[in-house]
1. Can you pull out the residues in the range 99-119 that are in contact with a helix residue (DSSP H, G or I) (Cβ under 8 Å, 6 or more places away or on another chain) and open to solvent by 80 Å² or more (accessible area, probe 1.4 Å)?
2. Out of everything in the range 178-224 that is of a type in the set (Lys, Arg) and in contact (Cβ under 8 Å) with a residue 12 or more places away in the chain, what residue ends up being farthest from Met142 (Cα to Cα)?
3. What strands (runs of 3 or more DSSP E) lie completely within the range 49-91 and have 3 or more residues being β-branched (Val, Ile, Thr) and over 17 Å from Pro120 (Cβ atoms)?
4. Among residues belonging to the range 39-60 that are at pLDDT below 85 and open to solvent by 60 Å² or more (accessible area, probe 1.4 Å), point out the one that is farthest from the chain's Cα centre (by Cα).
5. Any idea which of Thr307, Thr236 is over 18 Å from Ser138 (Cα atoms), open to solvent by less than 80 Å² (accessible area, probe 1.4 Å), among the hydroxyl-bearing types (Ser, Thr, Tyr) and touching a residue at least 60 places away in the same chain (Cβ under 8 Å)?
6. Identify all residues within the range 172-215 that are at pLDDT 90 or above, over 30 Å from Leu149 (Cα atoms) and open to solvent by 80 Å² or more (accessible area, probe 1.4 Å); write none if there are none.
7. Within the range 260-284, work out how many residues are under 19 Å from Thr236 (Cα atoms) and either open to solvent by less than 50 Å² (accessible area, probe 1.4 Å) or free of Cβ contacts under 8 Å to residues at least 60 places away in the same chain (or both).
8. Given the criteria within 30 Å of Ile104 (Cα to Cα) and either exposed (fewer than 14 other Cβ atoms within 10 Å of the Cβ) or out of contact with any strand residue (DSSP E or B) (no Cβ under 8 Å at 6 or more places or on another chain) (or both), does Ser35 qualify?
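The values are calculated or read from the model by the stated rules, or taken from the named source; none is laboratory data. Computed from a prediction, not measured in an experiment: that's the story for all the values here. Neighbour counts are summed over all protein chains in view; Cβ atoms, including those assigned to glycine, are modelled from backbone coordinates with ideal geometry. Only protein heavy atoms, including side chains, enter the accessible area calculation; ligands, DNA and RNA are left aside. Shrake-Rupley method; radii C 1.70, N 1.55, O 1.52, S 1.80 Å.
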Amino acid sequence: MIKAVFKKKSIWNIVTLLCGLILIGLFIFIGYVDSEATVSNLLTGIVFGLIICLFSVICLFFNFKAYLSIDNGHIRGKYHYFGKIDCRVSDVDFALGQMNTLSIQLKDGKCHTIFGIENPFVLCSEILRNMIFEAGKSPKEMIESLDILKSEKKKYMIQVCFGLALMFINIFITVFLTGEKELNEFSTIDWMIFAVMCAVEVAIIGVTFYFAQKAGKCNIPIHKQKYAIRRAIIETESLLPGNVLKVFADENYIGRITLFGFPNSNSVYYTVEEYASDYNLDKVYESEIYEDIEQISSGLEELIDITEKVVRV
């Protein structure tokens, strides 16, 4: 069984919660003892304390009693506030490990993105090793699909940048139309202009976040397509000439190790091929000759044996 290690709660979450409660209590106390204190000032302090408490509580209960485990081909877990996952590894379409984050894309289209994990790469490696992979398309077709995905993400990112620029432009226009006056100097017309421009700003922010979300949703499909291309190429590319004994790959399929032998001999050697940016496998290393496979077997145990897939092709 492999279990996720979730990040421990920071003591500062409790400290900030206590500070928020003290702040609320302080302003309530001031309201009782200071007859000159205004309601607006008291409410400002209380609301500020409530915001601090709310933020602290949100942080404290994030991943509260969270767990995630992979056991006997089954993934089970509870995460964030209400997130749950219960599926077979065979139901997984792709997994991606990033800093403190594990994303699990299921074949039914649902995606579980779990934050706050200290060992996401260990879990991702286990999933990638055991999930069922079917390319479905040729490497050339998948490369074309990848280019389309990259183009879509680029389009969304341009729209996000345009939206950010519009936010600042809208602010400058508002300042210009109101004559660079302070709020307490606003006339009725100024307030009308200000209200309209605020509504425009909110609309721009909403549209910008929409395109940012669309751009973010492209990340996993792009990573998945890159993985599929690497795996398809590594499993279908012709082997180097020689007496092939075994072929290995890592779980991310960024390279291939081929073990060669000699007729009527226990001696072996191996070659290392790496996946290049031009979608080809380049030979980057050839080892010395070893007396037998036992001398290098310890380094091969962590790799995936893909001999049958490659030789079959």
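1. Answer for the range 99-119, where residues must be in contact with a helix residue (DSSP H, G or I) (Cβ under 8 Å, 6 or more places away or on another chain) and open to solvent by 80 Å² or more (accessible area, probe 1.4 Å): Met99, Lys107, Asp108.
2. The initial filter retains those residues of the range 178-224 that are of a type in the set (Lys, Arg), namely 181, 214, 217, 224.
Those left that are additionally in contact (Cβ under 8 Å) with a residue 12 or more places away in the chain: 214, 224.
Values: Lys214: 21, Lys224: 11 Å.
Result: Lys214.
3. Filter on the range 49-91 gives an empty set.
4. Top of the filtered list is Val39.
5. Going through Thr307, Thr236 in turn, just one is over 18 Å from Ser138 (Cα atoms), open to solvent by less than 80 Å² (accessible area, probe 1.4 Å), among the hydroxyl-bearing types (Ser, Thr, Tyr) and touching a residue at least 60 places away in the same chain (Cβ under 8 Å): Thr307.
6. Result: Phe172, Met192, Val196.
7. Total satisfying the criteria: 15.
8. Considered against the rule, which asks whether it is within 30 Å of Ile104 (Cα to Cα) and either exposed (fewer than 14 other Cβ atoms within 10 Å of the Cβ) or out of contact with any strand residue (DSSP E or B) (no Cβ under 8 Å at 6 or more places or on another chain) (or both), Ser35 comes out as no.
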